[in-house]
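The values are calculated or read from the model by the stated rules, or taken from the named source; none is laboratory data. Owing to the predicted nature of the structure, the values given are computational and were not obtained by experimental measurement. Cβ: placed from backbone, ideal geometry, glycine included. Neighbour counts: every protein chain shown.
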Protein chains: 2
Amino acid sequence: MELEKITKKASRSYDDACGAAHALDLIGERWALLVMRELMLGPRRFSDLRAQLPGISANVLTQRLEGLEAAGIVRRARLAPPASVQVYELTEWGLEAEPILLHMGMWGARSPQHDPTLYFSPASLMLSLRAKFEPARAATTDVSLEMRFGGESYTAAVQAGRLTTARGAPARADAVVSGQPVTLIELFYVKTPLEVLEGQGRLAVEGDRGALLRFADLWEMPPKAG
Amino acid sequence: MELEKITKKASRSYDDACGAAHALDLIGERWALLVMRELMLGPRRFSDLRAQLPGISANVLTQRLEGLEAAGIVRRARLAPPASVQVYELTEWGLEAEPILLHMGMWGARSPQHDPTLYFSPASLMLSLRAKFEPARAATTDVSLEMRFGGESYTAAVQAGRLTTARGAPARADAVVSGQPVTLIELFYVKTPLEVLEGQGRLAVEGDRGALLRFADLWEMPPKAG
DNA sequence: CGGCATCCGGGAAGATACTG
DNA sequence: CAGTATCTTCCCGGATGCCG
């Protein structure tokens, strides 16, 4: 009776040597991959993660961060003084999980049941750009954008067939666009005309509007499955 | 009171437009991705799936198959008479989830906590070969292998820098190797000498042993993370 | 025997409240 | 702001039983 408790393995494992099964042991719990998604563009503090992940509760976020830290995927860091706050960041190996997220995103977006009008986080937008970027299509494009989402700036730039996406404003921006991430999805993928989005007050553009349109031309919606 | 039950969304969703989040709504439940793994090499019947997934219970397998079928990832089929048994197979879109599994496998196998001595299914072995195949390294190799795992044959062949992996025996095999999948992992990745594995009675080879060794030379263990 | 439906116990997830 | 404590709900895993 007592022995059963001791023998019982700590936290359900698949006990499968397959690399994918072990990955699921580490990141297969609910919310884990979405926490990693939010960390893909750089360190985040606890409450920022909570804000970007509507629906997660504080105790679950605590548990996931603990688990990811124990697995060597996430590490705690402290920003340099004077802003010496604690943040969570992906380790190098954690960052290398990005292809999993990108392939999942491309595959999941093709589901017949996928609803692209729900909440969309800035990190999701930036990762979707990375996932669907086609270098050949962008060979002759040269654009640098600043995207502002509720006070936070992001960079999306294309030069010499290469895409740069990052948190923070670019050194030089051809255009600055403000709105919600989901609205940029509409512009880039659904191909809603820019004037319509501006007319609805959902998007504001400063600078070179042509640059924004050339950037938008680089993306398109993948075909639905089935 | 009654309304709450009706309004309550069917089975917890992330309510997130991110493609990866939606993918997790569909295949993020426990065992779902491993069921798909076992279907990646072709249709399987219920009890074969159970046998290849030690630890899954019948009711959970039923639920996962129902969920995957409702999502358009799996479909039921009936084999041609006289063997008119019901099998489960991936839809075309379900098959396209393979890159997710391959990247997860490569990433998970680099975990410091990964234990490659646990159970290993034939499907996992074949998918790991697909994941880690390097065409440049195999440009001049020409090998066709039959692998026998407990009465079931699999094909692994390399020709003109291309890898073919499938369930079923090849038309022509340079060598036929019998054993457990995990033993081939030792031969291909851990680089345990063939004579040792044979001496331990864990592997039996018929035909051209040099062909098996040339094939083994095409793979190597990726470096651990951290 | 294959393919489920049903019931039960334990544990993880979700919601809310609370604290340093 | 960054979590902890508590309570409830739901899912997972195991056992049993039904039925073609």
- Query: Which residues, taken from the range B:123-154, are within 17 Å of the chain's Cα centre (by Cα) and hydroxyl-bearing (S, T, Y)?
  - Reply: B:S124, B:S128, B:S153, B:Y154
- Task: Could you please give the count of residues in the range B:8-65 that are within 30 Å of B:T165 (Cβ to Cβ), more than 11 Å from DNA strand D (Cβ to nearest atom) and assigned to a loop (DSSP other than H, G, I, E, B)?
- Result: 5
- Query: Mind checking whether some residue in the range A:87-103 is more than 8 Å from every other protein chain (Cβ to nearest Cβ) and of a type in the set (G, A, S)?
  - Reply: yes
- Is it true that some residue in the range B:76-85 is in contact with a helix residue (DSSP H, G or I) (Cβ under 9 Å, 6 or more places away or on another chain), small (G, A, S) and within 16 Å of DNA strand D (Cβ to nearest atom)? no
- Of the residues in the range B:114-139, those that are surrounded by fewer than 17 Cβ atoms within 10 Å (Cβ to Cβ) and modelled with pLDDT under 95 number 4
- Report yes if A:L102 is of a type outside the set (S, T, N, Q), within 12 Å of DNA strand D (Cβ to nearest atom), buried (at least 19 other Cβ atoms within 10 Å of the Cβ) and not assigned by TED's automatic domain parsing to the domain that holds A:A157, otherwise no. no
- Query: Within the range A:66-177, which helices (runs of 4 or more DSSP H) (wholly inside it) include 2 or more residues that are polar (S, T, N, Q)?
  - Reply: A:122-132
- Message: Being over 17 Å from the mean Cα position of the chain (by Cα) and more than 8 Å from every other protein chain (Cβ to nearest Cβ) is the filter here; which residues of the range A:26-46 pass it?
- Response: A:E29
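Mind listing whichever residues of the range A:202-216 are under 21 Å from A:T117 (Cα atoms) and surrounded by 14 or more Cβ atoms within 10 Å (Cβ to Cβ)?
Answer for the range A:202-216, where residues must be under 21 Å from A:T117 (Cα atoms) and surrounded by 14 or more Cβ atoms within 10 Å (Cβ to Cβ): A:R202, A:L203, A:A216.
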- Search the range B:42-54 for residues that are away from DNA strand C (no atom under 11 Å from the Cβ) and pair each with any residue that is modelled with pLDDT of 95 or more and outside any helix (DSSP H, G or I) when their beta-carbon atoms are under 6 Å apart and the residues are at least 6 apart or on different chains. B:G42/B:R167; B:Q52/B:S121
- List the number of the failed condition for B:D208; all other conditions in (1) modelled with pLDDT of 95 or more; (2) under 26 Å from B:R44 (Cα atoms); (3) acidic (D, E) hold. (2)
- Item | Residue within the range A:155-170 that is in contact with a strand residue (DSSP E or B) (Cβ under 6 Å, 6 or more places away or on another chain), without any contact (Cβ under 8 Å) to a residue 24 or more places away in the chain and within 14 Å of chain B (Cβ to nearest Cβ) present | no
